[in-house]
Each structure stands twice: as C-alpha cells, then as structure tokens.
Amino acid sequence: MVENNSESRDGKVTRRQFALGFIGAAGLAAFGSLLSFLKVLTPAKEGSGYVPTVKSGDKLVYAKGSRQGSLLKASDLQIGDAVLAYPKGKTKNVANIVQLIRLKESEYKPPTRVNETDEGFVAYSAVCTHLGCIVGWKRNNKDPEASIIECPCHNSMYDPALGAKVIGGPAPAPLPQIGVKVSKDGTLVFTSGFSGPIGPKV
Ligand code: FES
C-alpha cells in the first residue's frame with residue numbers, strides 16, 4: 001500500500017507533516033532571534049516614553065564590557081576617549097544611559113553647557129533622537145578632538161564639542177546633556193538631570 005505523504009489516516013505523523021513542523025519551528029526561532037536583535041538596536045520604552053531616574057550625586061559606572069558595573073574614574077579616559085555609562089544602581093533603565101566623553105576643556109563651545117563639564121568630561125544621553133538606538137563613539141585617531149558621536153542604525157552624527165548638535169543623518173535634535181564632575185576620589189559623578197527629554201523626537 002502506498003503511503004500518502006501529505007496526510008496520515010492512521011494518526012501517525014507523516015514525513016511531510018514532520019518537515020512542515022520542523023520548518024515552522026525553525027522559522028519561529030529565526031523570528032525570535034530577529035526580534036531580540038531589533039530589541040537591542042531599538043531599546044524598549046518605559047511607559048509612554050523614556051523616563052530617566054538619574055539624580056545629582058549618582059556615580060557613573062561602566063555600561064558594558066569587562067568592567068561593566070565598576071565605578072568610572074577620571075584616569076580611565078584620555079583625551080578623545082568615550083565610554084557608555086549608567087548611574088550606579090540604575091542600570092536597568094535604558095533612559096539613564098549616557099555617552100561619557102573626554103576632550104580638551106577648551107574645545108567646548110555653546111550650546112554645550114560648559115559649566116556642566118569638568119576636567120574635559122562631558123556626558124550626553126546615549127539614546128539617539130531619531131529612533132532610539134544607542135549611539136557610539138567614532139574616535140578620530142589622527143585628531144582625537146575631531147571625534148564624533150555616531151548612531152549605528154542610520155548614521156546620525158552629533159558634535160560632542162557643540163552640545164551634541166546634529167551634524168549628519170536623520171536625527172532631528174541634539175542629544176540632551178547631563179552634568180558631570182570629577183569627585184575628590186577621582187570617580188565621576190552626575191551633577192544634574194538631563195537638559196531635555198530623552199529618546200526619539202520623530
Ligand atoms: S536611530 Fe539613530 S540614526 Fe536612526
């Protein structure tokens with residue numbers, strides 16, 4: 001008797017049903033991976049928007065890498081360096097993430113809030129104002145002062161020395177600044193809230 005590959009009359013799973021089930025499971029797994037990937041690129045919002053909880057006095061810690069969660073010290077960054085950081089103990093809320101940058105103090109010009117920088121350190125929200133990806137640092141090794149903030153999703157670019165003003169790409173607004181200072185023990189501390197709302201402005 002010839003077995004029908006498309007259905008089973010005796011209740012057994014046919015090869016075709018098995019293959020379809022396998023393809024379906026593989027498709028679901030791939031879809032799940034894609035969603036996870038997109039979630040990293042476009043972080044989840046809190047409530048109806050991004051609600052930062054960082055406060056003046058919070059210490060900065062590394063946001064990722066082998067030193068994730070450790071306190072940041074001024075001596076960790078040279079001119080032209082930058083890292084992603086969170087306020088200590090508030091690392092679950094993506095609205096709190098900042099790009100901490102060190103340039104020569106004399107490089108900063110308005111609209112940078114120069115009085116909210118210290119020893120060449122400046123910090124901006126790391127949530128892109130286009131669609132909310134986390135921005136990165138494009139270091140110019142020949143001229144560290146010419147380094148820029150760049151978003152990996154659609155290549156928006158921000159000038160760190162001019163209040164993170166948009167210098168390229170689709171971002172519609174600068175990244176909000178937040179005050180930082182170097183404390184007596186050399187650690188970095190926030191000195192204010194953000195200068196404006198966090199997240200996408202489109
Ligand atoms: S999300 Fe940053 S450029 Fe689009």
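Things worth noting here:
- Here the mean projected area of the convex hull built on the C-alpha positions of segment 61-120 is 4.5 nm².
- Once the 1.4 Å probe is applied to the protein heavy atoms, segment 60-194 comes out at 43 Å² accessible per residue.
- Sequence-separation-based contact order of segment 60-194, relative, with Cα cut under 8 Å and 6+ spacing, percent: 23 percent
- Fraction of accessible area attributable to carbon and sulfur, segment 125-183 (%, probe 1.4 Å): 53 percent
The values are calculated or read from the model by the stated rules, or taken from the named source; none is laboratory data. Everything numeric here is computed off the predicted structure, so don't read it as measured data. Just so you know, the surface numbers come from the protein's heavy atoms only, side chains and all, with ligands and any DNA or RNA stripped out. Shrake-Rupley method; radii C 1.70, N 1.55, O 1.52, S 1.80 Å.
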